[in-house]
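A short reminder: the numbers here are calculations on the coordinates, not readings from a lab. All values derive from a computational prediction rather than experimental measurement. Counting neighbours? That spans all protein chains shown, and the Cβs are built from the backbone with ideal geometry, glycine included.
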Amino acid sequence: MPFMYSLDPRVKLLFILLLTSLVFFIDRLSVIFCLLLSFIVIRILSKIPFRIIKYIKNLSLLAFFIIFIQTLLGPGENYIINPLIPPSFPVLGGSGSLKWEGFIFGLVIVCRLSALFILFPVFTQTTSPESLALSLQALGLNYRAAFVITYTFSLIPLFREEALTVIDAQKLRNMRSFEKGFFLARVKALSGLVLPLVLGAMRKARNSSVAMDSRAFGVYKIRTMLEKPEMKTRDFLFIFGCIAFCACFLFWNY
């Protein structure tokens, strides 16, 4: 079993909070890029499926849009192109410019988003909702609130599986826009995906409500636990390693 699966959920929750905060504190491109590479290594060591080519393909359009907007509208004094529109052009001639500072900041934003997309599955796919609920209750959180949080996490893989089922059903009806269509065709194809997902979510919410009412969920103020989570030596060592990891990157950045 990979090391990440054996950690206490409270430790992994602290791990995610620390590294998420670190992502937003770092503003140097070289540092955030190295942090992104370290998250990829963590993801691989956690034995979580990761198709980097497909990931880059899905993120490329958003990354291009973010970098272009920051390069065009962001502040800066060093220009890549100035003006963007030739002066001879009527009305808008001589306006607009592309700046190096905006380009660099756009790359930083893309690295931040990529780092978060890579990091969060390390927590969501290595932590069961049951163990997370027990850990949150051990931290003193009300078990009703703990159930809401853990139930939300458990819905993520369910929605993903249902979305894949709907896509496969549409492919059987010769609807291939999800794979081979242009961007606008793919966006249009998503409209046929939203309605089944919404109806499925409403059906799951109704079934869950009936099941919870039939078990008198929430009647008692205190809920007993079959197993109590305990912190072990490896958990404390992992926390110390996370703090040292964050401190090194902050020192490098500042």
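Quick notes
- Linear extension gain, LEU17 paired with LEU199, 0.36 nm per residue minus alpha-carbon span: 62.2 nm
- The trypsin sites (Lys or Arg not before Pro) of segment 14-83 meeting both criteria, a DSSP state outside H, G, I, E and B (loop) and at most 10 other C-beta atoms within 10 angstrom of the site's C-beta, are ARG51.
- Count, lysine Cα pairs under 21 Å in the chain, 8 or more residues apart or across chains: 12
- Taking every C-alpha pair closer than 8 Å and separated by at least 6 residues, the mean separation divided by the residue count of the chain gives a relative contact order of 27 percent.
- The structure shown yields Rg and Dmax of the Cα atoms in Å, and of the options (1) 23.4, 77; (2) 17.6, 53; (3) 26.6, 80 that calculated value carries the label (1).
- Exposure proxy for GLU77, GLU161, GLU130: other Cβ atoms within 10 Å of each Cβ, ordered fewest to most, give GLU77, GLU161, GLU130.
- Here r is the Cβ-Cβ distance between PHE251 and MET231 and R0 is 30 Å; the resulting FRET efficiency, rounded to 0.05, is 0.60.
- Euclidean distance between Cα centres, segment 205-252 to segment 139-174, Å: 18
- When LEU237, LEU136 are arranged by Cβ crowding within 10 Å, least crowded first, meaning fewest neighbours, the order is LEU237, LEU136.
- Counting 0.36 nm for each residue step from SER128 to PHE159 and taking away their Cα separation leaves a gain of 9.5 nm.
- As a proxy for reagent exposure, SER95, SER214, SER114 were ordered by neighbouring Cβ count within 10 angstrom, fewest first; the result is SER214, SER95, SER114.
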